[in-house]
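Novice: Structure provided below as structure tokens; questions to follow.
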Amino acid sequence: MELIAKATAVVGGAVARLRRIGAPAHQSMGPSPQIPDAKAQGIMTLKMPVARGWKDGHVPACAPGLRVNAFASGLDHPRWIEVLPNGDVLVAESKEQATPPRTLMDHAAQATMRRAKAIGDSANRVSLWRDADGDGVAEIREVFVENQNQPFGMALIGNRFYLGNTDGIVVFDYHPGATSLSGSGQKLVSFKPHGHWTRSLIASPDGTKVYAGVGSLSNIGDRGMEAEQGRAAIWELDVRTGTARIFASGLRNAVGMAWEPMTGKLWTVVNERDGLGDETPPDYLTSVQDGGFYGWPYSYWGSIVDDRVPQDAALVARAITPDYALGGHTASLGLCWMPAGTLPGFGDGMVIGQHGSWNRSKLSGYKLIFVPFENGAPSGPPRDILTGFLSEDERLAYGRPVGVAIGPDRKSLLMADDVGDVVWRVTGA
């Protein structure tokens, strides 16, 4: 496997260098992005930095006026964060599980992902971290729930704790202040596993619904659309009746979700398809309409047709154009609403953890960014909060941003880093 990874790195590096010739000079960003014409790649670009981690006091770089410290460390691939009302911080520790490779590209991708710590044995647990003395560093660590199936999203409604495993949503009884859950939980909804395996969750503001992001199995329906039934969607679970339905569809891989408080709309970040070029199409941030269709796999950025896919003209005609482009292949995963005043110098807006690309000639993402909002919509270019996750030559990843949340003190941000095995805390300097 290591030999395959090294060979892939050599071949992938050569392909990436060739494709940098004539590659777009600017990222496709904002509400009206300039999206380059698609260029079918044939052999897909495969470029993934080797996971290094943080050593000898090395930490991410902060925007001016901010500082960062490790809130929690020594985790096993931390992915997602949920802050409980009493200030306890829950962290889902999980990892993609390898499925039998079907093609040479599958072998190459899996070998590369292992070197990047993106695939392997999963801890399959949620840990609880408590900063009892309020110094910004958690000193109490407990196993909150274990023996799960690639746990990711979490939501607490009253005394009911909802957990998004890759194969469905389970619920546990929770008592305020508890440091662990008992029992195996009750399964409420089943989802198909594999492919885009994360299952993000968010509760509605009134506590009557739970929304879940369920990504596609494949890049563009490669195994047929029957295999994609129930996927590439955001689901809605009615917690009172237990009924579940697809809330919005055509979302290739909707991960983080957040509520915008002025309009009450649900927003999400979506990872778009591969194999059409460095900036084509861009990942995006968008509000989500009940019953809305967002194009996948037939089209992208509204009605731009992907001619690699057998078409459905009626669905393309009703495809909704996203609100805000985030650049090609940034792998924007984490999302939370940040009210004005949380961090000095930042107003209202969305914070986004960009996990970073693996399939473009010049890497993108690998940072924590902020998109300002006014009147319920994005209002300007993104601003960096944390950077420095990549070496200058793009060969090493010190960390990769994933889930984000407002800290218990409401004056800090928490961000999971699944390569550094750290939860970072950002505050004013």
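Novice: Relative to the Cα centre, what is the charge dipole magnitude of the chain, using +1 at the beta carbon of each Lys and Arg, -1 at the beta carbon of each Asp and Glu, and rounding to the nearest 20 debye?
Specialist: For the chain, the charge dipole is close to 740 debye.
Novice: Right, next: Between Leu413, Gly277, Ile246, whose Cα lies farthest towards the positive end of the dipole of the chain when Lys and Arg beta carbons carry +1 and Asp and Glu beta carbons carry -1, centred on the Cα centre?
Specialist: Gly277
Novice: Shape verdict for the stretch 315-376, please, from the Cα gyration tensor: rounded (a/c under 1.5), prolate (a/b greater than b/c) or oblate.
Specialist: Since a/c reaches 1.5 but b/c is at least a/b, the shape of the stretch 315-376 is classed as oblate.
Novice: Arg383 versus His107, label points 7 Å from Cα toward the beta carbon: distance in nm?
Specialist: Using points 7 Å along Cα→Cβ, the separation is 5.0 nm.
Novice: Same structure again: Using a Gaussian network model of the chain with C-alpha springs under 10 Å, which one of Gly164, Gly407, Gly292 is most mobile by mean-square fluctuation?
Specialist: Gly292
Novice: Continuing with the same structure: Would you mind calculating the gained length between His175 and Ser303 on full extension (0.36 nm times residue separation, minus the Cα-Cα distance), in nm to one decimal? Before the final figure, lay out each step's value.
Specialist: Working: separation 128, 0.36 × 128 = 46.08 nm, distance 4.81 nm.
Length gained, His175 through Ser303: 41.3 nm.
Novice: While we're looking at this one, here's another question. Run a plain Debye calculation on the stretch 200-275 (Cα atoms as equal point scatterers, no solvent) and give log10 I(q)/I(0) at q = 0.11, 0.18, 0.26 Å⁻¹, rounded to two decimals, same order as the q list.
Specialist: Normalising to I(0) and taking log10 leaves -0.30, -0.72, -1.19.
Novice: In the structure shown, do any of Lys192/Lys362; Lys209/Lys265; Lys47/Lys367; Lys39/Lys95; Lys55/Lys367; Lys39/Lys117 have a Cα-Cα gap over 25 Å, and if so which? Show your work: numbers first, answer last.
Specialist: Details: Lys192/Lys362 33 Å; Lys209/Lys265 14 Å; Lys47/Lys367 17 Å; Lys39/Lys95 32 Å; Lys55/Lys367 18 Å; Lys39/Lys117 30 Å.
Over 25 Å Cα-Cα: Lys192/Lys362; Lys39/Lys95; Lys39/Lys117.
Novice: Where in the stretch 62-91 does the label zone of Arg141 land, with the point 7 angstrom along Cα→C-beta and an amide N cut-off under 16 Å?
Specialist: In the stretch 62-91, the label zone of Arg141 (backbone N under 16 Å from the point 7 Å along Cα→Cβ) covers 70-80, 89-91.
Throughout, read-outs are computed from the coordinates displayed, never taken from laboratory work. Just so we're clear, the structure is a prediction, and the values are computed from it rather than from any experiment. Reconstructed Cβ throughout: ideal geometry from the backbone, glycine too, with neighbour counts over all protein chains shown.
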